[in-house]
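The structure appears right after this line, and notes come after that.
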Amino acid sequence: MTTYERDATTLELPWPFAGRENELELVRRSLGGGPRGLVVTGPAGCGKTRLAKEAVRGTDCARAAGTPESRAIPFAAFAHLLPESVTLHRAVHLLSGVRTLLVDDAHLLDDASAALVHQLAVHGRTRLLVVATDGA
């Protein structure tokens, strides 16, 4: 087996983002004012995540993502942002100060994480950019 090491100083940026300027502007505008967030949906593999990441590039944005493997673990998507043992009420309190939150693969969130996203949306202080696959 051959392994390759890359020097962290020479890593290249991702492929250039092109051809979706109108969508990118819409997402950025939605996060900048007016509505408190946006849900981006579409078929699997159409570039929803890349669009969302480009929209928040260079901003102070917390990120969370659902995965099929962690659906049985409460607050799994937010484990890196929350203390080890937390209630929904405490999680809302801790994350309500986050200016922008990108939630990728929201259709794969565990129930507690989904409830947290819902409460943050209702609370209204955190701008949400939620990405989900159509039909999920």
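The values are calculated or read from the model by the stated rules, or taken from the named source; none is laboratory data. Not measured: the values here are computed from a predicted model. Positions of Cβ are backbone-derived with ideal geometry, glycine not excepted, and every protein chain shown enters the neighbour counts. Heavy atoms of the whole protein, side chains included, go into the accessibility calculation; ligands, DNA and RNA do not. Shrake-Rupley method; radii C 1.70, N 1.55, O 1.52, S 1.80 Å.
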Per residue, what accessible area does the chain have, given a 1.4 Å probe and all protein chains present, in Å²? 64
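Once fully extended, how much extra length lies between His89 and Ala136, figured as 0.36 nm per residue of separation less the alpha-carbon to alpha-carbon distance?
Additional length available on full extension: 14.2 nm.
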How high is the relative contact order of the chain, given as a whole-number percent (alpha carbon pairs under 8 Å, six or more residues apart)? 31
Which of (1) 8.4; (2) 14.3; (3) 10.8 is the computed mean projected area of the Cα convex hull in nm² for the structure on display? (3)
Under the definition of Cα pairs under 8 Å and six or more residues apart, what whole-number percent is the relative contact order of region 46-101? 44
Within the accessible area of region 35-131 (1.4 Å probe), percent carbon and sulfur: 55
Applying a 10 Å radius around every beta-carbon, put 58-68, 94-104, 109-119 in order of their mean neighbour count, most first. 109-119, 94-104, 58-68
Quick one: net charge of Ala72's neighbours, Cβ under 12 Å, K/R +1, D/E -1? -2
